[in-house]
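Have a look at the structure below before the remarks.
The values are calculated or read from the model by the stated rules, or taken from the named source; none is laboratory data. Predicted model, so just to flag it, every value in this text is computed and none were measured. We place every Cβ from the backbone using ideal geometry, glycine too, and count neighbours over all the protein chains shown.
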2 protein chains.
Amino acid sequence: MKWNPYAARCPTRQLLDCISDKWVVLVLGLLESGPKRFSVLKREIDGISQKMLSQTLRTLEQNGLLTRRAFPTVPVTVEYELTSLGRSLNLALAPMIDWAVANMNRVQKARESYGKRLA
Amino acid sequence: MKWNPYAARCPTRQLLDCISDKWVVLVLGLLESGPKRFSVLKREIDGISQKMLSQTLRTLEQNGLLTRRAFPTVPVTVEYELTSLGRSLNLALAPMIDWAVANMNRVQKARESYGKRLA
DNA sequence: ATATATTGGTACCTAATAGTAACCTATCAG
DNA sequence: CTGATAGGTTACTATTAGGTACCAATATAT
């Protein structure tokens, strides 16, 4: 089978939709440096709600991008860790973060000049 | 200023949200090979609605990633072309498409084994 | 005993967004 | 005067995101 995300019903289209998500990019970026607990991720990703974080983590787990391990401590401790598939995805996603940081100034200038053109 | 997309109010967070979008990824991917008309983009991106396409294109234009040129033919013809900023972003996004195509099989297997674990 | 804090979730509700379909403008061909 | 065409916009609906509250289970403090 040859995959083609430009075709609406190709599974790669849906997969692309899954991975092109800010929370996915940020979560994978953090897990790059090793396993992390739920509460650590929540603290380090400023502005993410518990709901969105657990939802994002479950989807990533379902797709084989990370593993979830719960330890029977009290209260329960849960650790998330990238799989090798997840690490390979992160190689593709990390450049997005870098690009945003490197080009924020240029984008801001473009927005200003677009605003002026309207006036 | 040092940018940090892990901070909720940093402009790079909002920018990351803008660019991590399936339509953005697909549109930029197509424009890589040269300027294209609205109707061509619509035809080549199976399943995109006119609304989402024009919305996506306008946002990309506002952010300086592409230019829009309208020719006074009848009916009007509109051409979209990547800017150099857009081309630099596409370098960061294209690997996502490649990753999705290259790893679809692995993801499907992971989904199956996740399903089995529930049963 | 009772109150309080903790971790990692889920349930519920509302706000925002994506998608769908119809309509619009201008002009030319038949 | 009917229809077609390119590139939209508008109005409406369905889906999703996000916020808040709540939960279990136990440890510590009161």
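At a glance:
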quantity	calculated
Residue in region A:56-74 that is among the β-branched types (Val, Ile, Thr), more than 16 Å from DNA strand C (Cβ to nearest atom), surrounded by 14 or more Cβ atoms within 10 Å (Cβ to Cβ) and modelled with pLDDT of 95 or more present	no
Residue that is within 21 Å of A:PRO11 (Cα to Cα), within 14 Å of DNA strand D (Cβ to nearest atom), part of a helix (DSSP H, G or I) and more than 8 Å from every other protein chain (Cβ to nearest Cβ), where the choices are B:ARG43, B:ARG58	B:ARG43
Subset of region A:82-119 [more than 9 Å from chain B (Cβ to nearest Cβ) and outside any helix (DSSP H, G or I)]	A:LEU82, A:ALA119
Residues satisfying the stated conditions in region A:1-40, i.e. under 14 Å from the mean Cα position of the chain (by Cα), in a helix (DSSP H, G or I) and more than 12 Å from every other protein chain (Cβ to nearest Cβ)	A:LEU31
Condition met for B:ARG111 (among the basic types (Lys, Arg) and in contact with a strand residue (DSSP E or B) (Cβ under 6 Å, 6 or more places away or on another chain))	no
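Okay, residues lined up against (1) away from DNA strand C (no atom under 12 Å from the Cβ); (2) out of contact with any strand residue (DSSP E or B) (no Cβ under 7 Å at 6 or more places or on another chain):
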residue: B:GLN14; (1), (2): no, yes
residue: B:VAL25; (1), (2): yes, yes
residue: B:LEU30; (1), (2): yes, no
residue: B:GLU44; (1), (2): yes, yes
residue: B:GLY47; (1), (2): no, yes
residue: B:LYS51; (1), (2): no, yes
